[in-house]
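Undergrad: One structure follows; several queries about it will come next.
The values are calculated or read from the model by the stated rules, or taken from the named source; none is laboratory data. These numbers were taken from a predicted model, which means no experiment stands behind them. Cβ placement follows ideal geometry from the backbone for every residue including glycine, while neighbour counts extend to all protein chains displayed. Calculation scope for accessible area: heavy atoms of the full protein, side chains included, ligands and nucleic acids excluded. Shrake-Rupley method; radii C 1.70, N 1.55, O 1.52, S 1.80 Å.
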Amino acid sequence: MHVDAEHPEGWSNDVLRIAASGEDVVSGAEVPHATRGVHRVASFRAVRDGLVARGRAYWTGPGADSSPAG
């Protein structure tokens, strides 16, 4: 989460949830910006020896498609 907390240019990061199992870590965060609105990000990372070995993040924000009906 330290990586996500270091957003430049007015971004901040509010962690909503972290879950880990073995080397896999999943996090969800709200990422507000004063002029660009509130975004959400889900991050999936593998951590080995205290370092991020690989990762992927999925972002959504204002005006994004809504959730499917269900």
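Undergrad: Quantify, in whole percent, the carbon and sulfur part of the accessible surface of the chain (1.4 Å probe; protein heavy atoms only). Mind showing how you got there, number by number?
TA: Details: 2720 of 5260 Å².
That share works out to 52 percent.
Undergrad: So for the chain, averaging the separation of alpha carbon pairs under 8 Å that are six or more residues apart and normalising by length, what relative contact order in percent results?
TA: Across the chain, relative contact order equals 21 percent.
Undergrad: When the dipole is taken about the Cα centre of the chain, and only Lys, Arg (+1) and Asp, Glu (-1) are charged at their Cβ, what size is it in debye, to the nearest 20? Can you show the working numbers first?
TA: On the way: 7 positive and 9 negative charges, 31 e Å.
Dipole of the chain, to the nearest 20 debye: 140 debye.
Undergrad: Can you give me the accessible area per residue for the chain, using a 1.4 Å probe, in Å²? Intermediate values should be presented prior to the final figure.
TA: Working: 5260 Å² over 70 residues.
Roughly 75 Å² per residue, with all protein chains present.
Undergrad: Would you mind getting the Kirkwood hydrodynamic radius of the chain from its Cα pairs, rounded to one decimal in Å? Intermediate values should be presented prior to the final figure.
TA: Working: mean 1/r = 0.0754 Å⁻¹.
Evaluated over the chain, this radius sits at 13.3 Å.
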